[in-house]
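Quick notes on the structure that follows.
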Amino acid sequence: MSQKSDKDNASKKTTPQYRGEKKKYYEALIRLREQVIQQLKFHSDEALNTNDNAGEKNGMSTHMADLGSDNFLHDMELSMLTSEGDVLEMIDEALDRLASGEYGKCMDCSADIGPKRLEAKPYAMFCVNCKAIREKHGGLRPDLD
Ligand SMILES: [Zn+2]
C-alpha cells in the first residue's frame, strides 16, 4: 500500500472536468480550502504565543442569509475564527458531494440549498430552514431521528 491520504495533497489532484455552476463552486471550494489551511497554520502558530484571547468577543450572530459574494471572504474569516477544522471538513465533504452529484442539496430535506447561499458558503450542507432548526438544537435534528 503506497497510497497517501495526506489532506494537504487533496487539492493537488487533477482538476475534475466540471462545467458551469459546478466549476464555479469547485473553484470556490478549492480556493477556500487553501485559505483555511493557511489560516489553520497561522492560528496554530499564534495559539502558541498568546493565551486564548481571541474568543467570541461580542457574540456575533450569524447573518449569512443575504450575503453576496462580495462578503464571501469576510464571512469566511468570521467562521474560521471559531471552527477552522470544521470548515475544512465541510469543504472536503462538499467536494465529495460535487463529485457524486449531490452538491447543492440540503442533507436533511434534499431541497435545493440555493445559489445565493452557496455563493456565500460554498460548503453549506443544509438549506436555511434546516440550518436554523439545527442551530436551535445544538446542531442536531431531533425531529428527524
Ligand atoms: Zn433542508
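Being over 14 Å from the mean Cα position of the chain (by Cα), closer than 16 Å to residue 23 by Cα and among the aliphatic types (A, V, I, L, M) is the filter here; which residues of the range 87-145 pass it? The one that is over 14 Å from the mean Cα position of the chain (by Cα), closer than 16 Å to residue 23 by Cα and among the aliphatic types (A, V, I, L, M): 99. For the range 91-145, filtered to residues that are assigned to a loop (DSSP other than H, G, I, E, B) and among the small types (Gly, Ala, Ser), the residue that is modelled with the lowest pLDDT is 139. If you scan the range 27-45, which residues turn out to be surrounded by fewer than 21 Cβ atoms within 10 Å (Cβ to Cβ) and not hydrophobic (A, V, I, L, M, F, W, C)? The answer is 27, 31, 34, 35, 38, 39, 41, 43, 44, 45. Here the condition is being among the hydrophobic types (A, V, I, L, M, F, W, C) and away from the ligand (no atom under 13 Å from the Cβ); of 144, 98, it holds for 98 alone.
The values are calculated or read from the model by the stated rules, or taken from the named source; none is laboratory data. A quick note: this is a predicted structure, and the numbers were derived from the prediction, not measured. Please note: Cβ atoms are built from the backbone with ideal geometry, for glycine as well, and neighbour counts cover all protein chains shown.
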